[in-house]
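Student: First the structure, then my questions, so here it is.
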Amino acid sequence: MANKDEKSSESNFQPGTGTAQERAGLIAEKTAGAGPGGYFVLYRGQYRELPVIDISQDKLVYRADNGRLITDLQKLQKKKGLEPDYHSKRQEEPRVQKDLHRLLVNLSQDSQGPIYQELELKGMQTEALLITSDGIVVNGNRRLAAMRELLFREPDRYNRFSTVRAAVLPAEAGAQDIEYVEAALQLAPETKLAYSWINRRLTLRRHRDILKLPLDKILESYRLQSAQELDTELQELALAESYLADYCLQPEEYSLVDEEEEQFRDLNATLQDPVTPYPELWKLAGFAMIFNRKKLKLKLKGYFPFAEAKPAFAPRQALFELAGEEGLLSRQQVESQDKLPIKTQQELAALLGQKSESQRLAQAVVDILDQIRIDYHDKSAPKRLIKNMKQARKISEKLGMHTLNSKQKAELASELAAIKHHSSRLLEDSPDAPPPMSHRARKLRKLRENPYAYFADAKNPLMRKLKVFFTPKK
């Protein structure tokens, strides 16, 4: 958001002066005369219809424990040198409300959920807020911030926003009830502006570990199928926090991983797999690859530990090869040893943990994985040939004489003649057997028919980088 907007938000917004007790009295009076408002929430396991009232916008208070604001508030507190939970502990204070207003206005203008623009265009509130019995906004903080900002900027045009409609939770609703209701409303799949992947997991952890909400309530409100799904999301959060604190040396700088949800989800799945060899080393290698993903233009989805190992022995062999390239093992040790020596593991961990070496090592890991795949592809060619020939035979056994049209028959005859021609070289020790197709000829055919595969399988790392220009369209 532009600085102009931020300054405007800070200078125009003035929090209300009423106390929580005064707000509660006013809301109780209004609620007593209000009938059912057609606003339903999942409350204590059942849907309840709440009363809806009209109330002056300056009688409402932003909620600091807002799931969308977790990372923004942590960043602000760190910038200003404030204690953790500063805003939560001082929620009623005017300066805290001003901080919340500024952050919420910025969020309301997000292009993925443009609440501000919608209210600016329509000039009217179309959905009630949800508030506690003492005026704390549980759902609709962004909408309230947008309406207030528009009212302050153009009071004549947006005078409707001086009074807002709000559904009121029961007076007995406690902290757990409020957390549960917010999660059920905000984290539902149809939410207009979804929580960031980090904010979702931070809120999940807060609900489970700090507020100690019942597990079944958490699973229901977050649309999780099992406790294992909950554990997995929190493992992904812990992995991202380890990356920030231990690798980047910037703890809680969550903005650095805003775009890395898929990478940490895939990396965590690999590290939790019991068949993954040396998971601590692959965690560090994965961190280096994430850190340099954009610099090296890496498509991590195609590489272990972010994808299935191909071939299956690649993860183990790659670490041995890396240790050899870095002078930690001799060539004889790389080819003969079954396990990495403890000392070598420690030396590799120290090396992979150096951020100053991360770009070089990330490229080295990628190159080694590519080379293992290419070598395996070449060595497994005879097995693939026999497998494909058997598959072709089984298919041909099912086809009748009139199954193929004239064009297909001509193509089949041509392929069978070519197979017979080249198979004589494989089966007969005869001077009349045709020579194999030259390496150059095979490469040119591959370049012509599948340029992406041609560059992806190149043994020269620089050539492999050219594959990005021929990526198949989805």
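The values are calculated or read from the model by the stated rules, or taken from the named source; none is laboratory data. Quick caveat: nothing in here was measured; it's all calculated off a predicted structure. Cβ: placed from backbone, ideal geometry, glycine included. Neighbour counts: every protein chain shown.
Student: Identify the residue in region 276-306 that is among the aliphatic types (A, V, I, L, M) and at pLDDT below 95 and, among all such residues, is surrounded by the fewest Cβ atoms within 10 Å (Cβ to Cβ).
Tutor: Of region 276-306, the ones among the aliphatic types (A, V, I, L, M) are 281, 284-285, 288-290, 296, 298, 300.
Subset that is at pLDDT below 95: 296, 298, 300.
Working: Leu296: 14, Leu298: 20, Leu300: 21.
The qualifying residue surrounded by the fewest Cβ atoms within 10 Å (Cβ to Cβ) is Leu296.
Student: Something else about it: Give Leu329, Leu348 a once-over and let me know the one that is over 19 Å from Ala458 (Cα atoms), of a type in the set (A, V, I, L, M) and touching a Ser or Thr at 6+ places or on another chain (Cβ under 9 Å).
Tutor: Leu329
Student: Also, I was wondering about something else. If His377 passes every condition in (1) surrounded by 14 or more Cβ atoms within 10 Å (Cβ to Cβ); (2) assigned to a helix (DSSP H, G or I) but one, which one does it miss?
Tutor: His377 satisfies every listed condition except (1).
Student: Is it the case that region 387-398 has a residue that's under 39 Å from the mean Cα position of the chain (by Cα), outside any helix (DSSP H, G or I) and farther than 18 Å from Gly286 by Cα?
Tutor: Looking for residues that are under 39 Å from the mean Cα position of the chain (by Cα), outside any helix (DSSP H, G or I) and farther than 18 Å from Gly286 by Cα, one finds none in region 387-398, hence no.
Student: Okay, next question. Could you list all residues from region 308-324 that are among the aliphatic types (A, V, I, L, M), over 13 Å from Tyr376 (Cβ atoms) and free of Cβ contacts under 8 Å to residues at least 40 places away in the same chain?
Tutor: Step one: filter region 308-324 for residues among the aliphatic types (A, V, I, L, M), giving 309, 312, 314, 318-319, 322-323.
Checking which are over 13 Å from Tyr376 (Cβ atoms) leaves us with 319, 322-323.
The answer is Ala323, and nothing else.
Student: What are the residues in region 336-349 that are surrounded by fewer than 11 Cβ atoms within 10 Å (Cβ to Cβ) and assigned to a helix (DSSP H, G or I), if any? Can you show your working first?
Tutor: To start, the set of residues in region 336-349 that are surrounded by fewer than 11 Cβ atoms within 10 Å (Cβ to Cβ) comprises 336, 338, 342-343.
Ser336, Ile342, Lys343, listed by residue number.
Student: If I ask for residues that are assigned to a helix (DSSP H, G or I) and crowded, with 18+ Cβ neighbours inside 10 Å, which ones from region 218-232 would you list? Before you say what the answer is, go through the steps one by one.
Tutor: Of all residues in region 218-232, those assigned to a helix (DSSP H, G or I) come to 218-221, 227-232.
Passing the criteria: Ile218, Ser221, Leu230.
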